Amino acid sequence: MDWAYAQPALLSGATPLSSSGLSCTAHSSSDYLKLRRFAVPVQASKELALKYRQKGERVYFQNSALAAIKWLDKAIALEPFDAESHLLKGAALVSMYKFDEGIASFNRSIEISPQSGKAYCNRAHALYWSAKSQNNSTNQKLLRLALDDWNKGIQNNTTWTVVYYHRALTRDMMGDRKGALEDLNEDIRRNPEHADAYFVRSSMVKSSASMVSDLETAARLEPQSITFLTRLAMAQLLAGRNADALLTYNKLVSLRPGDDFYLGRGLIKFDLKDNVGALFDFEQSIKLGGDCFAMRGIARARSGDHLGAMLDRYRATAFRLNSQFRNFLNDLLSLKALP
């Protein structure tokens, strides 16, 4: 059997391990046992490294990146040429925003397995996020490196299904809107249920109808997304589709009954001549801390409640004065820190 062994320093007087086994000629049985402790069969070493790697992968996907790194370091200590362990370690480091360290791990994985499409894609992902935190000159350099890695990932037949989507984000950040749109179209062709791709593409299309269509698809695929629904409501209003925007705001209020969504829905109802509905929404917004006394006053005036309208005008002024007073107090408190 072949042996691999961890040997901080050979025991005094001991004979090194041979490829065929252990040689302990002219040594006591205690020396043999001491040396035997450091001997690990190659196959057993690989199996143990695999177990460590699998444990690291499990805890990583359980959102415990730090614990994952500890297990992966153990795997790498036993199998330093295991590209997958370096890849997983890089992913764990990037999830902790340690981009430089993560990129170093991806570099090692690519050195070991230069045809690994997923390694190039992971490094591209790290470069992209690192670029978002850098100044402009460094930013562009990192983005060019990221784009090169996305290209290599695609050339090496990565199985990552959203690679075109992520390359589109990189191209868009580089100012290549045409290339980004082409990649988003390709991503949607490959992944017609990818809501994020429709959402991002909605900001790149030229017509308001196409924008609304993409956002409607994104919201249909992820009906609980506040972000998708809010953008959809705004796009519907810009396209003059107020009745559709009202339905979207109904969903938003149902998902998160906040003062801003009551205000938005109230404004649409007011525009659609639903004064009663608008007053209800403005009142709900005010109860939740919103500043829509002025709009409620206008709605009251429209309904003939001129006294209520006048009072709301004063309340609106008082609300703004109170906000200014609060800012004034904050400014005074900040002066205490001055010498």
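The values are calculated or read from the model by the stated rules, or taken from the named source; none is laboratory data. Quick caveat, the model's predicted, so the values are computed rather than measured. Cβ atoms come from the backbone with ideal geometry, glycine included; neighbour counts cover every protein chain shown. When the accessible area is computed, the model is the full protein with side chains, heavy atoms only, and any ligands, DNA or RNA have been set aside. Shrake-Rupley method; radii C 1.70, N 1.55, O 1.52, S 1.80 Å.
Can you find a residue that is farther than 28 Å from ASP100 by Cα, of a type outside the set (Val, Ile, Thr) and in contact with an Asp or Glu (Cβ under 9 Å, 6 or more places away or on another chain) anywhere in segment 127-134?
no
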When every residue in segment 72-90 that is acidic (Asp, Glu) and either assigned to a helix (DSSP H, G or I) or within 22 Å of the chain's Cα centre (by Cα) (or both) is compared, the one farthest from GLY56 (Cα to Cα) is GLU84
Leading residue by the ranking (farthest from LYS251 (Cα to Cα)) among those in segment 213-233 that are hydroxyl-bearing (Ser, Thr, Tyr) and either open to solvent by 50 Å² or more (accessible area, probe 1.4 Å) or not in a loop (DSSP other than H, G, I, E, B) (or both): SER213
If I filter segment 159-168 for residues that are touching a residue at least 40 places away in the same chain (Cβ under 8 Å) and over 24 Å from MET204 (Cβ atoms), do I get at least one hit? yes
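Quick check, is LYS74 out of contact with any strand residue (DSSP E or B) (no Cβ under 6 Å at 6 or more places or on another chain), in contact (Cβ under 8 Å) with a residue 40 or more places away in the chain and either among the hydroxyl-bearing types (Ser, Thr, Tyr) or surrounded by fewer than 24 Cβ atoms within 10 Å (Cβ to Cβ) (or both)?
Working: out of contact with any strand residue (DSSP E or B) (no Cβ under 6 Å at 6 or more places or on another chain): yes; in contact (Cβ under 8 Å) with a residue 40 or more places away in the chain: no; either among the hydroxyl-bearing types (Ser, Thr, Tyr) or surrounded by fewer than 24 Cβ atoms within 10 Å (Cβ to Cβ) (or both): yes.
No: the conditions fail for LYS74.
Determine whether THR158 is modelled with pLDDT under 95, more than 17 Å from ILE103 (Cβ to Cβ) and open to solvent by less than 70 Å² (accessible area, probe 1.4 Å).
For THR158, the condition - modelled with pLDDT under 95, more than 17 Å from ILE103 (Cβ to Cβ) and open to solvent by less than 70 Å² (accessible area, probe 1.4 Å) - is met.
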Options ASN107, ASN135: the member that is open to solvent by 50 Å² or more (accessible area, probe 1.4 Å) and in contact (Cβ under 8 Å) with a residue 12 or more places away in the chain: ASN107
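Evaluate the following for VAL205: is it more than 23 Å from TRP129 (Cα to Cα), outside any helix (DSSP H, G or I), open to solvent by less than 60 Å² (accessible area, probe 1.4 Å) and of a type outside the set (Ser, Thr, Tyr)?
Judged against the criteria, VAL205 is a match.
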Just to be sure before I move on: is ALA119 within 29 Å of MET211 (Cβ to Cβ), open to solvent by less than 30 Å² (accessible area, probe 1.4 Å) and without any contact (Cβ under 8 Å) to a residue 60 or more places away in the chain in the structure I sent? no
Just one of (1) assigned to a loop (DSSP other than H, G, I, E, B); (2) free of Cβ contacts under 8 Å to residues at least 12 places away in the same chain; (3) touching a Gly at 6+ places or on another chain (Cβ under 9 Å) trips up PRO114, so point out which. (3)
Let me confirm something: among ARG190, ARG171, which residue is surrounded by 17 or more Cβ atoms within 10 Å (Cβ to Cβ) and of a type outside the set (A, V, I, L, M, F, W, C)? ARG171
